[in-house]
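Below is one structure, written out as structure tokens; comments come after it.
The values are calculated or read from the model by the stated rules, or taken from the named source; none is laboratory data. Please read all numbers here as calculations on a predicted model, not as lab measurements. When we count neighbours, we look across all protein chains shown, and the Cβ atoms used for this are built from the backbone with ideal geometry, even at glycine. When the accessible area is computed, the model is the full protein with side chains, heavy atoms only, and any ligands, DNA or RNA have been set aside. Shrake-Rupley method; radii C 1.70, N 1.55, O 1.52, S 1.80 Å.
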Amino acid sequence: WIINPLGTALAIFIIVTLIFRSFIMSGLLMVILLITLFAQYGLAGYYTSVGNWSGNLHFANLVTLSIAMGLGVDYSIYMISRLKEELANGLEWVDAVRITIATTGSSVLISVIVLLGAFIPLIATDLGNTWGLSMYISEAIIIDVFTSLTLLPLMIWWLKPKYIFGDKK
């Protein structure tokens, strides 16, 4: 049950490394991805402990984990790209983060609201696979947007990758 999501994570790591040409940037995205993945395993453990077999980690929900991992990386890539642009325009770090969150961050939040609006009604269904899909995707996009808007800028500031900051630190 962990091999498939870790295979997805490896594929994402390789693709993001090729896109950004930076192992540090890929590593940062893997941290966010693993937070989401392990939170979903925690949710699956909870559903199993209370006997909710529609929410445990069966095949249909494994597919949902891969979708959720892709969504999280997607939000983070938007934030990274915009932050790099703002810093390239000569802004100081605080101003670049503020503008990035005000522009791209608000777009990401609107996207999350739309996605939640699409998945939350599926919670009312009696179909186990559809119910599990809505629960896992909803949880993942909430975690993904929170980590992309808060944790990602902090990790970038802490590690100061060359992809974002260039040779100046």
Could you grab the pairs with beta carbons closer than 8 Å, sequence gap of 6+ or different chains, first residue in region 1-14 and part of a helix (DSSP H, G or I) and at pLDDT 80 or above, second one open to solvent by 50 Å² or more (accessible area, probe 1.4 Å) and not aromatic (Phe, Trp, Tyr)? Ala9/Leu34
Starting from residues that are surrounded by fewer than 18 Cβ atoms within 10 Å (Cβ to Cβ) and of a type in the set (Phe, Trp, Tyr), keep the ones in region 14-39 and report whichever is nearest to Leu83 (Cα to Cα). Phe23
What number of residues in region 67-124 are in contact with a Phe, Trp or Tyr (Cβ under 7 Å, 6 or more places away or on another chain) and within 16 Å of Tyr136 (Cα to Cα)? 3
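Of a type outside the set (Ser, Thr, Tyr) and free of Cβ contacts under 8 Å to residues at least 24 places away in the same chain: which single residue out of Ile143, Ile110, Ile164, Ile156 fits that description?
Ile110
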Matching residues in region 15-40 (part of a helix (DSSP H, G or I) and in contact (Cβ under 8 Å) with a residue 24 or more places away in the chain) number 16
Looking only at region 87-111, and only at residues there that are assigned to a helix (DSSP H, G or I) and either among the charged types (D, E, K, R) or more than 19 Å from Pro153 (Cα to Cα) (or both), the one that is most open to solvent (accessible area, probe 1.4 Å): Arg98
Restricted to region 113-126, and to residues that are without any contact (Cβ under 8 Å) to a residue 40 or more places away in the chain and of a type in the set (A, V, I, L, M), which residue is most open to solvent (accessible area, probe 1.4 Å)? Ile113
